[in-house]
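J.: This structure is in structure tokens; I'll ask about it shortly.
The values are calculated or read from the model by the stated rules, or taken from the named source; none is laboratory data. Fair warning: this is a prediction, and the values are worked out from it, not measured in the lab. Cβ: placed from backbone, ideal geometry, glycine included. Neighbour counts: every protein chain shown. When the accessible area is computed, the model is the full protein with side chains, heavy atoms only, and any ligands, DNA or RNA have been set aside. Shrake-Rupley method; radii C 1.70, N 1.55, O 1.52, S 1.80 Å.
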Amino acid sequence: MLGTSRGDSREETDTSPKYETIKMEIKPGEPLVRIEGLHKKFGDFEALKGINLEIMPQQVVVVVGPSGSGKSTMLRCINGLEQATRGKIFVEGLDVTHRASDLNKIREKVGMVFQSFNLFPHLTAIKNVTLAPIKVKGVSAEEANRKALELLDKVGLAEKADAFPAHLSGGQQQRVAIARALAMDPDVMLFDEVTSALDPELVSEVLDTMKGLAVEGMTMVVVTHEMGFAREVGDRLIFMDEGVVVEDGEPEEVFNNPQHPRTQEFFSKILSHI
Amino acid sequence: MSEEALELRDGEPVSEFEEKNISGWAKASLIMGILGLTFLPIVGGVLAIVFARIAKKQILHTDFEGDGLATAGQTLGIVSLVLAALVLFYFLMQHKLKDFVADFFNWDTIKTAWPEVGRAFLTTLEVALVSEVCILITGLIVAMLRISRFRTFRWITAIYIDIIRGLPLILLIFIIYFGLSYLGLNFTRFQAGVVSLTVCYAAYEAEIFRAGIESIHKGQVEASRSLGMTYLQSMRYVVLPQAIRRVIPPLSNEFIMLTKDTALVAFIGLSEAFLVGKEAMGRYANVTPLVGVALFFLLVTIPAMQGVRYLERRLARGD
């Protein structure tokens, strides 16, 4: 059996998950994601007006704010789905905004889950999960399948592995989408209003999955309107409005004692319903 | 015991033992219908229908029965009238019909000319299939360039598509065939036919591919790119498989049209079914060879259309 050199090296590293390839060393105390003076314009509309943010490893950062405040845009800038107009974004020390940096390599390290799931409808749940590891990382099909089953089991959908997205509920689709993002072994996960498109009774299954991830120590940036989740799971709460970070602190602190009048107004509007 | 029961009821007949009061008109209608089919052609049929109408009215407004009989009479009447009309038509048209058969379905010509056009039709199919493969590949490449990031590619392909779509196919076939030979490229007629059809049809199919690609939600590209796929990987594994599924019905229709348009390469002298049939028509002095060509085309195009319909249904279910 003469395998390729890559195959051989994989056989040697038996214990650790086999697709750990270029896990970058992060020095203690160094942020995983650093955003410096980020501006983003859509035509004449300035969606982001100078964001500065450092996200430490294993931190769960919850981003809230009124719609149109730039939360999603900021998230999409982190993995380069939107190009920054000005400013810099570093993910594990690599500059996302730099023309020379390999965005695809950076994106392997940044998982993203979308409001509209965006599962690949022509592929079964498990194929959705294995596609990127096989095609992007060159993982063998058996290895990818094994890992995918593990992940689907983790999100509680092992028995739905062979179902097509059209036959899954919204909550199930979103959990498959989470498994799909996890399959690339990301160092940070971005969640863009992932429960907003779900029927109310399906929200909790997705939030529970996310809570599980947070407990395991995944670094997460979560844009959401679920204040309960923010309070319970978030390590840090960021309130954004009109393209700037207005408030940034411990969730409990920001909820109970918002400093800025805009934050106070926002919370008074939302929390009055709870 | 049952006899006893019957006797008990004898004095006072219960409705179910009553003799049915069947309409005489219905009986007459049935008899006329039978006569109409046998001894009294037209007259019997007409009377059967008329009697049946009367019987049905009577049954509707009184307590007469026999609706089934009336219906049977009426049906027989109609059948006998239709048969009579057909027989009449046959006698009247026998002379012209003979001429028609001699011209369109001449048995002697069929025996010799249809195998000949059948073989030529294989060439037609060969041109169509080879062209289709070239068209699919070219069309997809053109479509990808049409939506490319690079403006130059977008412009070139847009101009190509618009020029081709704005010209008659027959003109393009002539220009390409004779243009190639003036350029000193010695293509066989077959190759020239394939090149012409490819150049023409690729423009149309490129637009179909583009529509398919653009119909895929941009979230699909975002999801695949955010997993680290390159643009081409995202196209190949995520967008195109979905886009192509969606455009299979229009593409299949294009293929049917292409098969038919293959006949146009007869004009640059390729011996395909139409040309061979046309020549045979001259030789045999009747149109039977071309009828054969038509039948061969239908033999392929009708099942192909059924196949497209089947595909459409299956795809609709899949979504």
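J.: In nm², what is the average projected area of the convex hull enclosing the Cα atoms of region A:125-274?
T.: Over every viewing direction, the Cα hull of region A:125-274 projects on average to 10.0 nm².
J.: Then there's this: So for region A:118-274, averaging the separation of alpha carbon pairs under 8 Å that are six or more residues apart and normalising by length, what relative contact order in percent results? The partial results should precede the final answer.
T.: On the way: 173 pairs, mean separation 26.1, N = 157.
Normalised by residue count, the contact order of region A:118-274 is 17 percent.
J.: Right, here's the next one. Given the options A:LYS40, A:LYS109, A:LYS135, state which has the largest fluctuation in a GNM of chain A using a 10 Å cut-off (strictly under) for Cα springs.
T.: A:LYS135
J.: On average, how much accessible surface per residue is there in chain A, in Å², for a 1.4 Å probe, leaving out ligands, DNA and RNA? Before the final figure, lay out the partial values.
T.: Numbers: 12660 Å² over 274 residues.
Accessible area per residue: 46 Å².
J.: Next question, about the same structure. Once you order the gyration tensor axes a ≥ b ≥ c over the Cα atoms, which shape class does chain B get: rounded for a/c under 1.5, otherwise prolate or oblate by comparing a/b with b/c? Please report the intermediate quantities before stating the final value.
T.: Values: a/c = 4.52, a/b = 1.82, b/c = 2.48.
Because a/c hits 1.5 or more and a/b fails to exceed b/c, chain B counts as oblate.
J.: If you don't mind, another one. Students often forget the sequence filter, so: which lysines lie under 24 Å Cα-Cα from B:LYS57 once same-chain residues fewer than 8 apart are removed?
T.: B:LYS20, B:LYS27
J.: Is the C-alpha gyration tensor of region A:21-160 telling us rounded, prolate or oblate? Criteria: a/c under 1.5 is rounded; beyond that, a/b larger than b/c is prolate, otherwise oblate.
T.: Since a/c reaches 1.5 and a/b is larger than b/c, the shape of region A:21-160 is classed as prolate.
J.: Between chains A and B, what is the buried accessible area summed over both chains (1.4 Å probe, protein heavy atoms, nearest 100 Å²)?
T.: Chains A and B together bury approximately 1700 Å².
J.: Across region A:36-46, in residue order, what do the Karplus-derived ³J(HN,Hα) couplings come to in whole Hz, using 6.51 cos²θ - 1.76 cosθ + 1.60 with θ = phi - 60° and x for Gly and Pro?
T.: Ordered by residue, 3J(HN,Hα) equals 10, x, 6, 10, 9, 10, 10, x, 8, 8, 9 Hz.
J.: With springs only between Cα atoms under 10 Å, which of A:GLU82, A:GLU159, A:GLU46 fluctuates most in a Gaussian network model of chain A?
T.: A:GLU159
J.: Could I ask something else about it? Is there a quick way to get the dipole size of the protein assembly as shown? I mean about its Cα centre, with the Cβ of Lys and Arg at +1 and of Asp and Glu at -1; what is the value in debye to the nearest 20?
T.: 2840 debye
J.: Determine the shape class of the protein assembly as shown: with a ≥ b ≥ c the square roots of the Cα gyration tensor eigenvalues, call it rounded for a/c under 1.5, and otherwise prolate if a/b is greater than b/c, oblate otherwise.
T.: oblate
J.: Please list, in chain and number order, the residues 5+ apart from A:GLY50 or on another chain whose amide H is under 5 Å from its amide H, with Hs placed from the backbone.
T.: The list, which skips near neighbours in sequence, is A:LEU38, A:HIS39, A:LYS40.
J.: Then there's this: Of the residues B:THR62, B:THR112, B:THR138, which exhibits the maximal mean-square fluctuation in a Gaussian network model of chain B defined by a 10 Å Cα contact cut-off?
T.: Among B:THR62, B:THR112, B:THR138, the largest GNM mean-square fluctuation belongs to B:THR62.
J.: log10 I(q)/I(0), Debye, Cα-only region A:81-176, no solvent, q = 0.13, 0.18, 0.21 Å⁻¹?
T.: Each listed q corresponds, in turn, to -0.56, -0.89, -1.04.
J.: Just to be sure I understand: if I project the alpha-carbon convex hull of chain A onto a plane and average over all orientations, what area do I get in nm²?
T.: Convex hull of Cα atoms, orientation-averaged projection: 16.2 nm².
J.: Just name one of B:TYR231, B:LEU140, B:PHE209: the one whose Cα is farthest towards the positive end of the charge dipole of chain B (beta-carbon charges, Lys/Arg +1, Asp/Glu -1).
T.: Of the options given, the answer is B:TYR231.
J.: Using amide H atoms built in the peptide plane, which far-off residues or other-chain residues are under 5 Å from A:GLY65 H to H?
T.: So A:GLY65 has HN proximity to A:MET240.
J.: Note down the relative contact order for chain A as a percent, whole number, built from C-alpha pairs under 8 angstrom at least six residues apart.
T.: Numbers: 467 pairs, mean separation 64.0, N = 274.
Normalised by residue count, the contact order of chain A is 23 percent.
J.: Mind checking the alpha-carbon convex hull of region B:180-319 and giving the volume per residue in Å³?
T.: Value for region B:180-319: 125 Å³ per residue.
J.: In whole percent, what relative contact order does chain B give with Cα contacts below 8 Å and a gap of six or more residues?
T.: 18 percent.
J.: Hey, another quick one. Across region B:115-231, how large is the tail of the calculated P(r) beyond 20 Å, expressed as a percent of all Cα pairs? Spell out each step's value before the answer.
T.: Details: 3709 of 6786 pairs.
Result: 55 percent of Cα pairs exceed 20 Å.
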